[in-house]
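Contents: one structure, followed by commentary.
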Number of protein chains: 2
Amino acid sequence: MIDFQTHPDRYRHWRITFDGPVATLTLNVAEDGGLFPGYELKLNSYDLGVDIELYDATQRLRFEHPEVGAVILTSARDRVFCAGANIRALAAASHPFKVNFCRFTNETRIAIEDASRNSGQTWLTAINGSCAGGGYEMALATEHLLMADDGSTAVSLPEIPLLAVLPGTGGLTRLVDKRHVRRDLADAFCTTEEGVRGVRAVEWRLVDEVVPRTKLPATARERAHRFAESSSRPRDARGIVLGPLARRIEPDGIVYPNLKIAIDRQAGAAYVTIYGPDAPAPSSLAEIHAQGDRFWPLAVARELDDAICHLRFNEETIGTWVFRAEGDARAVAGHDQTLLEHRKDWLVNEIILYLKRTLTRLEVTSRSLFALIEPGSCFAGTLLELALAADRSWMLAGRREGDETPPATIMLTEANFGLYPMLNGLTRLGTRFFGADAHLEQLRARIGDRFEAEAARELGLATFAPDDLDWRDEVRIAIEERVAFSPDALTGMEASLRFAGPETMETKIFARLAAWQNWIFQRPNAAGEAGALKTYGTGKRAEFDRRRA
Amino acid sequence: MIDFQTHPDRYRHWRITFDGPVATLTLNVAEDGGLFPGYELKLNSYDLGVDIELYDATQRLRFEHPEVGAVILTSARDRVFCAGANIRALAAASHPFKVNFCRFTNETRIAIEDASRNSGQTWLTAINGSCAGGGYEMALATEHLLMADDGSTAVSLPEIPLLAVLPGTGGLTRLVDKRHVRRDLADAFCTTEEGVRGVRAVEWRLVDEVVPRTKLPATARERAHRFAESSSRPRDARGIVLGPLARRIEPDGIVYPNLKIAIDRQAGAAYVTIYGPDAPAPSSLAEIHAQGDRFWPLAVARELDDAICHLRFNEETIGTWVFRAEGDARAVAGHDQTLLEHRKDWLVNEIILYLKRTLTRLEVTSRSLFALIEPGSCFAGTLLELALAADRSWMLAGRREGDETPPATIMLTEANFGLYPMLNGLTRLGTRFFGADAHLEQLRARIGDRFEAEAARELGLATFAPDDLDWRDEVRIAIEERVAFSPDALTGMEASLRFAGPETMETKIFARLAAWQNWIFQRPNAAGEAGALKTYGTGKRAEFDRRRA
């Protein structure tokens, strides 16, 4: 089992140090610290384990260090910054693992950009040695790239000439869309194994500045302190502690305090139940801070985040995730109200951003997402986003026979209208009703109303509204039907239907770029016995089918 | 050899009829008329040959029929509109053929939308029987869908449940982005083999109206005449004739009047030379009409269009296309001036749109595109777009030793600033200098200037500017290097780097959707021995690897 929970005390590959408002994350990969046996993590190359630590660091810097306004990414090695993803690990991995590995690293890069843009924690990179492939892509996720001008340090994306695959972590997209590298220069760069160094790297916009090697650390610190000065984060606040998740892993599920997973292996489905808050929302900001990682919205975000990563990697054949929510809708709405009221507070801002990132993680997951809205459920506001993220939802009309629980209702809150934008920049409602602005306005006027099944269906907020007589069969058939379809076709369909409307750098990375990479990962030219991933390092030349597709 | 040239007299699958300003295209696929042996085109299913005729029809309706303001797409069969792409043909095809087939059909669908939006020729569909898969996707490319309400006629996208592949011609994207079908309903629709009929199809926005079967033809005609009434096309103009292309196919190339292809099989490269006009531009609109298909911009568009299709399908292993332009830049600029001056004329508008479509066809081609700008070349305005579409360009600085030809120059014309938008909606210059608006403004101020190599390089209009001493080696090495890379990796890279900036429905179809489809086409679940494409129709169930990637 791959565990996504870690702590700086247990890091094997990263060191975090602090200098007032500037944190430095130093990469020093333990060669023998690979997540799986069979390869050595040479030259600061990484595997998923290295990235799990990086992800943990981004989270702790946000929540535990409100005083940090800038983060320097650098390497502890003398002549190497980072060689990118470890090729032997990649070549040995299964296709689903490769794809999910790239997905997770992409999410961590986007979380870094989210910190720079929305948390007042600006990341920069001090490239103090060879910076290749995924190493350069990590740097591209930061806002300012400094590089040693020592005649040898270079940035490069050698994947295409060396490995016959694409840079897998957004590099191509960030070159042209984020850094505005001219497309013909980007073409030349991506096909030049040795990369580009010195002044030319600045001219081509590949890095922001080059400085003499001896001056690199001091210059990076100086830039970082300048970024930190303009940060909105409070210097004198106290962070909260992200304590260990109380998690019980069972053969067919996981139990967290606020979330439970039950796996039906026959149906290829995981039932994910989220429990609403068992107490009213805190009445003051101080109380939120005092609750810390027990504050319900944050606790749910952490548990859901962990659950998504767990199911993706450790339950590859479970293709359908069925969401339920149990509890008091008013308590959920009350928590939304509290988040909205205090959103200018650094911690509340972080919690909102974390929920946003977790919901987007759900949507780029290659699983069918269903929601079941039943009597006793609490799909309101923030939790309603789960139903809106789902590929389909069923809402039970009326009561269950012999059950006094009142009929299920759903409720919109202000949180549904902008707190958690999707990766395409729109709200989930905005994407759902793309091109129907008037309907969106009508929905906004009905914030706080409780809709029963038929009303929810008519408003387009639930897909189907069967009554108790039809419920069981209709839901069962839909789940069984899903398991009969090709998992690949479903993945391609879901990635297409979930994102109507505009595209952003992020959606380009997860759909356009990742889809090309998936294709290439599957092609004999890369992954076949004579393909470049297999022949790399053997001295043999890869054999290519030269037909262009 | 697959020939993309045809004529209504030779059509085997379509019939065009005229009723004043309304044309009707009736599909009646000849079962024994497949492009290749081994399958029958039953139930109005299509292969590439059927689509080549459809493409020819779209072109002739534009150029030969200025009086036509609306086009009805329908079927000659009693209970079937179109069953989509022929599965046996698809299953038997090589991966590169599959991908290029989808690419071409996508381009034809987009050409139909271009006619509706920009040519005053609005397409609509009268669905008079089962309309499945690619058949429905063809209908989705039209602006108004009428369906017979007869209890059996349905629209469907059964690819995912039946074949484990995606609808391959933009269907998923058009559902949510063009027709604004709600994503959860789209999910239900795309996983329902039998599709949706009657009123529900209207409620789900899958079609625009349903009418009793007996009233379908008359209603379609009525709607078409109404569309035609608001068309900008002249009722009393005379069309021009698109005569047969004068084309000589040789073992290693093709010679057209204005374009020559020479293939270097060793280098995997096709050298495409375009000849500038050999006479000044016509001085009047009447003269343009009199020249008809000999008018240089139209002649070049037709030849380039044919050349692209030919090279894609008939020369699959030629991975690099190297563009040259020979002639007088001033004559090219003069023709640009003429196009701009008369752009409100229906014919000139059609020529501009055709050049636009042909340039976009070039950019979604999975080949490396290089441009060589040498003394004697005429990369000005419209032809400069070829160099701007290229992945890299080389411009020779100064003269060639022992050659009195003056140094190469390039020239911007007004045509470079909006006449030929890319599929992303930006100009090629706007995409190239995405995020650098001030530079774009500077370039606009220099329309008509002639830039030599170094100036062009500094302005970012040429990638490299070697002198005669370095030219031969530098260009040779770049071409040789390209042939050593994985064709798949290059395709993925080029598709990513060519389209900085915004995305449109069209770029989503060619990159996001097509990349997922390519991946799925390569996955064992679809294409393997036990995959759904292979087991279809055998009575056997496909076996799926259930791991989600």
Any idea what log10 I(q)/I(0) is at q = 0.12, 0.22 Å⁻¹ for region B:180-248, Debye with uniform C-alpha scatterers and no solvent? -0.63, -0.99
Mind jotting down a quarter of the surface of the convex hull over the alpha carbons of region A:127-171, in square nanometres, one decimal? 3.2
Which cross-chain or sequence-distant (5 or more) residues have an amide H under 5 Å from the amide H of residue A:373, H modelled 1.01 Å from N in plane? A:394, A:395, A:396
Mind listing the long-range amide H neighbours of residue A:147? Cut-off is under 5 Å, sequence gap 5 or more, other chains count too, H placed in the peptide plane at 1.01 Å from N. A:127, A:209, A:210, A:211
Apply the Karplus curve 6.51 cos²θ - 1.76 cosθ + 1.60, θ = phi - 60°, to the phi angles in region A:506-522 and return the couplings in whole Hz, x for Gly and Pro. 5, 5, 4, 5, 7, 10, 4, 5, 5, 5, 4, 5, 4, 4, 5, 4, 9
Just to confirm the number: angle between the C-alpha axis of helix A:296-314 and the first principal axis of chain A, 0 to 90 degrees, nearest 10? 70
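So what is the 222 nm mean residue ellipticity for chain B from helices alone, if each DSSP H run of at least 4 adds -39500 (n - 2.57) and you divide by all residues, rounding to the nearest 500 deg cm²/dmol? Walk me through the intermediate numbers first.
Working: 21 runs with 217 residues, N = 549.
Helix contribution divided over all residues of chain B: -11500 deg cm²/dmol.
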Inter-copy label distances at residue B:403 (7 Å, Cα→Cβ; nm, one decimal): 8.2
Computed magnitude of the charge dipole of the protein assembly as shown (debye, nearest 20; Cβ of K, R +1, Cβ of D, E -1): 280
If you build the Cα gyration tensor of region A:449-492 and take the root of 5 times each eigenvalue, what three semi-axes come out, in whole angstrom, biggest first? 26, 15, 5
Charges on Cβ only, +1 for Lys and Arg, -1 for Asp and Glu, centred on the Cα centroid of chain B; of B:376, B:157, B:241, which one is farthest towards the dipole's positive end? B:157
Label spacing, shortest first and in nm, from residue A:37 to its equivalents in the remaining copies (7 angstrom along Cα→Cβ): 5.6
What is the Cα radius of gyration of region A:1-48 over 2.2 N^0.38 Å, N being its residue count? 1.31
What length, rounded to one decimal in nm, is gained on full extension from residue B:400 through to residue B:246, with 0.36 nm per residue of separation minus their alpha-carbon distance? 52.1 nm
Kirkwood Rh and Cα Rg combined as Rg over Rh, evaluated for region A:73-131: 1.06
Region A:279-348: radius of gyration and largest Cα-Cα distance (Dmax), Å: 14.9, 44
Protection proxy ranking of B:340-349, A:74-83 - average other beta-carbon atoms within 10 Å, highest first: A:74-83, B:340-349
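How charged is the neighbourhood of residue B:504? Take every other residue with its Cβ under 10 Å from the Cβ of residue B:504, and add Lys/Arg as +1 and Asp/Glu as -1.
Values: positive: B:508; negative: A:503, B:177, B:503, B:506.
After counting each charged neighbour, the total is -3.
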With θ set to phi - 60°, apply the Karplus curve 6.51 cos²θ - 1.76 cosθ + 1.60 along region A:280-293 and write out the HN-Hα couplings as whole Hz, x wherever there is a Gly or Pro. x, 5, x, 8, 9, 4, 4, 5, 4, 4, 5, 5, x, 6
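Find, to one decimal place in angstroms, the Kirkwood hydrodynamic radius of region B:304-378, where the mean of 1/r is taken over every pair of different Cα atoms and then inverted. Could the numbers behind the result be given before it?
Details: mean 1/r = 0.0704 Å⁻¹.
Result for region B:304-378, one decimal place: 14.2 Å.
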Excluding residues fewer than 8 positions from residue B:344 in its own chain, the lysines with Cα under 20 Å of it are B:356
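I need the per residue convex hull volume for region B:398-549, using only the alpha carbons, in cubic angstrom as a whole number.
Values: hull volume 28.3 nm³, N = 152.
Spread over its residues, the Cα hull of region B:398-549 gives 186 Å³ apiece.
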What share of the DSSP beta bridges in the protein assembly as shown is antiparallel, in percent to the nearest 5? 35
Which far-off residues, 5 or more places away or on another chain, put their amide H under 5 Å from the one on residue A:462, with H placed in the peptide plane? A:457
Which ³J(HN,Hα) values in Hz, rounded to whole numbers, follow from the phi angles of region B:414-421 under the Karplus curve 6.51 cos²θ - 1.76 cosθ + 1.60, where θ = phi - 60° and Gly and Pro get x? 4, 4, 6, 10, x, 6, 10, x
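Could you work out the mean count of beta carbons from other protein chains within 10 Å of each residue's beta carbon in B:520-528? Write out the running numbers ahead of the final one.
Values: counts 11, 4, 10, 10, 4, 5, 3, 0, 0.
The per-residue average across the peptide is 5.
Dividing the convex hull volume of the Cα atoms of the protein assembly as shown by its residue count, what figure in Å³ per residue is obtained?
On the way: hull volume 185.6 nm³, N = 1098.
Per-residue hull volume (Cα only) is 169 Å³.
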Inverse of mean 1/r across different Cα pairs in region A:181-308, Kirkwood, Å: 20.3
Which of the listed residues, A:462, A:20, B:132, is farthest toward the dipole's positive end in the protein assembly as shown, when Lys, Arg count +1 and Asp, Glu count -1 at the beta-carbon? B:132
Report, for region A:339-475, the % of DSSP beta bridges that are antiparallel, rounded to 5. 20
Calculated over region A:102-148: convex hull of Cα atoms, volume per residue (Å³): 56
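What number results when the radius of gyration of region A:113-196, computed over Cα atoms, is divided by 2.2 N^0.38 Å? Walk me through the numbers before you get to the answer.
Numbers: Rg = 12.8 Å, N = 84, 2.2 N^0.38 = 11.8 Å.
Scaled against compact globular proteins, the figure is 1.08.
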Taking region B:1-146, the equivalent ellipsoid from its C-alpha gyration tensor has semi-axes in Å, biggest first, of 24, 16, 14
Counting Lys and Arg as +1 and Asp and Glu as -1, each charge on the Cβ, what is the dipole of region B:379-425 about the Cα centre in debye, to the nearest 20? 80
So how tilted is helix A:216-229 from the main axis of chain A? Cα-based, degrees 0 to 90, rounded to 10. 30
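Give me the percent relative contact order of region A:125-179, please, defined on Cα pairs under 8 angstrom at least 6 residues apart.
Values: 67 pairs, mean separation 22.0, N = 55.
Relative contact order, region A:125-179: 40 percent.
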For residue A:226, the accessible surface traced by a 1.4 Å probe with all protein chains present amounts, in square angstrom to the nearest 10, to 130
Hey, what angle do you get for helix A:487-497 against the long axis of chain A, alpha-carbon based, 0 to 90 degrees rounded to 10? 80
Kirkwood Rh for region B:242-287 from C-alpha pairs, in Å, is 12.8
In Å and whole numbers, how far do the C-alpha atoms of region A:358-473 stretch along each principal axis, longest first? 44, 34, 21
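For A:538-548, what's the mean count of beta carbons from other chains sitting within 10 Å of each residue's beta carbon? Walk me through the numbers before you get to the answer.
Values: counts 0, 0, 0, 1, 3, 0, 8, 8, 9, 14, 20.
Averaged over the peptide's residues, the number is 6.
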Residues in region A:215-249, backbone N under 12 Å from the label point at residue A:18 (7 Å along the Cα-to-beta-carbon vector): list them, ranges by number please. A:235-241
Fraction of alpha-carbon pairs over 18 Å apart in region B:265-317 - percent: 47
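How many times 2.2 N^0.38 Å is the alpha carbon radius of gyration of region A:312-426? Could the numbers behind the result be given before it?
On the way: Rg = 15.3 Å, N = 115, 2.2 N^0.38 = 13.4 Å.
For region A:312-426, the normalised Cα radius of gyration comes out at 1.15.
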With the label 7 angstrom out along Cα to Cβ, how close does residue B:236 come to the same site in each of the other copies, in nm, nearest first? 8.5
Taking one equal scatterer on every alpha-carbon of chain B, how large is log10 of I(q)/I(0) by Debye at q = 0.06, 0.07, 0.11 1/Å? -0.30, -0.41, -1.02
Treating region A:382-423 as a set of equal point scatterers at the Cα positions, no solvent, please give the Debye-formula log₁₀ I(q)/I(0) at q = 0.16, 0.23 Å⁻¹. -0.55, -0.85
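For region B:147-188, what value does the Rg/Rh ratio take when both radii are computed over Cα atoms and Rh is the Kirkwood radius, given to two decimals?
On the way: Rg = 11.6 Å, Rh = 11.6 Å.
So for region B:147-188, dividing Rg by the Kirkwood Rh gives 1.00.
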DSSP beta bridge pairing in region A:37-196, given as percent antiparallel to the nearest 5: 5
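The values are calculated or read from the model by the stated rules, or taken from the named source; none is laboratory data. Not measured: the values here are computed from a predicted model. When we count neighbours, we look across all protein chains shown, and the Cβ atoms used for this are built from the backbone with ideal geometry, even at glycine. Just so you know, the surface numbers come from the protein's heavy atoms only, side chains and all, with ligands and any DNA or RNA stripped out. Shrake-Rupley method; radii C 1.70, N 1.55, O 1.52, S 1.80 Å.
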